[in-house]
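The values are calculated or read from the model by the stated rules, or taken from the named source; none is laboratory data. Quick caveat, the model's predicted, so the values are computed rather than measured. Counting neighbours? That spans all protein chains shown, and the Cβs are built from the backbone with ideal geometry, glycine included. Surface areas here come from the heavy atoms of the whole protein model, side chains and all, with no ligands, DNA or RNA. Shrake-Rupley method; radii C 1.70, N 1.55, O 1.52, S 1.80 Å.
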Amino acid sequence: MTNDTRTGDIVSRYGETRLPRYTSYPTAPRFSGSIGAGSYRDLLGSISDTEPLSLYLHVPFCRSMCWYCGCHTTISQKDAPILDYLTVLKREVHLVSEAIGRRQKVSSIHFGGGTPTIMKPEEFCDLKQSLDRAFHLDQVAELAVEIDPRTLTPDMTEALGAAGLTRASLGVQSFDPKVQKAINRIQTIEQTAGALAGLRKAGAQSINFDLIYGLPHQTVASAVETARIAATMRPDRFAVFGYAHVPAFKKHQRLIDEKALGDAQERHAQAEAIADTLVAAGYRRIGLDHFALPDDALSTAADRGELHRNFQGYTTDDSQTLIGLGASAIGRMSEGYVQNDVAIGRYAQRISSGELATSKGYRLTGEDRMRASVIERLMCDFRVDIEAITRVFDYPMEALTKTNTMLETLLRDGVVSLKGGILTVDTRHRFLVRTVASCFDAYLNQGGRTHATAA
Ligand code: SF4
């Protein structure tokens, strides 16, 4: 059997398995209503005063719906709902700071969405000032913003620069006009290049492009052409995601023609062709789906074994506490996870009445922490010292490796090897790292939620 035939066989066998992206462990479907606003207030009150925080602010509004979208967002042509939301968000910033009991030091701030740049420059500055009143922002090392190049204005670019923007993440997805039409996202090459040039001029030190494979009508040739054009613009990083078609959960995805979607083999071929194109253009492969120039912080963190994984994907941020602000935002504390109400109306009602808007969460057990460590190192390094981690958490290694049917199958298929307690994912099969991680997920298939396919 040739290497290609063998890889094709492995893709057929594992590629259609729907699995989490493991941006947390346990994953969000395990969160329950047993953690509410009262528990969150207590957790905030117990944060050590020396611990720097990461902040994530969610802006769940866009001007038009991209049919592939998997985010929590609402379409609004009017500005009034956005303004109302920002008033509530500022109130939440104040409430959280009050529950912590002091102006806590912050090391990084991330604005995500939705489309954070739907805010007008003065609204963004006002929100930033609210953060400044509630937290110590003097030592913020990273200020990251997700950007829609189609609607970014020069004024907003300037405001972001003045606020200290360090990293910008631009949605690009595909430059193929046929694909763009099929996903309801028309975005010219000039719009992307113009946004990048403006953000560089405004001082952004690191720029990321998001690309997607597995979109309707996408082919290997069109995926490669997008990657080739994008690489000539020299962003510092790429995040390359597979389209997750889950129309049962995301109703707008029903507008996508299922007959125009490729199968697991086609998706795998597109992902690998994009990877080859970016690597040939000088980018290094980082983790499952990121690429970075050799001098980018993501590359140097990967070299040092200091890559982390959080709800935004791969990151250099090592903060123990991530405060999620806004509707549906997820926070991570050393004790576990908390998530705000997803519905904007309920979120706004609770915050406006002076309550925190936590609707669910999860309190970590010792075993969860051990499994989370194994899964994070696998997702970041493709290699994990299971023996060392189980020793730290005082568990027998066999608790993870014995009677683990999926792990045994992967070992037999040569996808992984296990020597001296160290599990290593075979270089050719790194695209299956989520399948490998799933061997250590004690809750898989218990949440009733559908995830993206593994390849
Ligand atoms: S801009 Fe982003 S968040 Fe908004 S609809 Fe498109 S993909 Fe979804």
- [ ] For Lys178, go through the lysines and keep the ones whose alpha-carbon is under 16 Å away, minus same-chain ones fewer than eight residues off.
- [x] Lys259
TODO: Any lysines with Cα under 23 Å of the Lys120 Cα? List them, leaving off those in the same chain fewer than 8 positions away.
DONE: Lys78, Lys90, Lys128, Lys201
Open item on the list: Would any residue of region 96-138 have its amide N under 19 Å from a label point 7 Å out along Cα→Cβ of Glu306? List them or say none.
Closed with: 106-109
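Using only Cα atoms, what is the ratio of the radius of gyration of region 154-310 to 2.2 N^0.38 Å?
Ratio of Cα Rg to 2.2 N^0.38 Å: 1.08.
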TODO: Would you mind getting the accessible area per residue of the chain, heavy atoms of the protein chains only, 1.4 Å probe, in Å²?
DONE: 42 Å²
Task: Cα-based shape type of the chain, given that a ≥ b ≥ c are square roots of the gyration tensor eigenvalues and the cut on a/c is 1.5 - done: oblate
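Expressed as a whole percentage, what fraction of the accessible surface of the chain belongs to carbon and sulfur atoms when a 1.4 Å probe is rolled over the protein heavy atoms?
Values: 9620 of 18920 Å².
Taking all protein chains in place, the chain shows 51 percent carbon and sulfur surface.
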Task: Compactness of region 344-408, expressed as Rg and Dmax over alpha-carbon positions, Å - done: 18.6, 53
Task: Alpha-carbon centroids, region 317-384 and region 195-221: separation in whole Å - done: 27 Å
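Which order do the peptides 431-444, 122-135 take when ranked by the mean count of other beta-carbon atoms within 10 Å per residue, highest first?
Working: 431-444: 22.0, 122-135: 17.4.
Packing order, densest peptide first, comes out as 431-444, 122-135.
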Task: Packing-based ranking, highest mean first, of 301-309, 378-386, 358-366 given that Cβ atoms within 10 Å are counted - done: 378-386, 358-366, 301-309
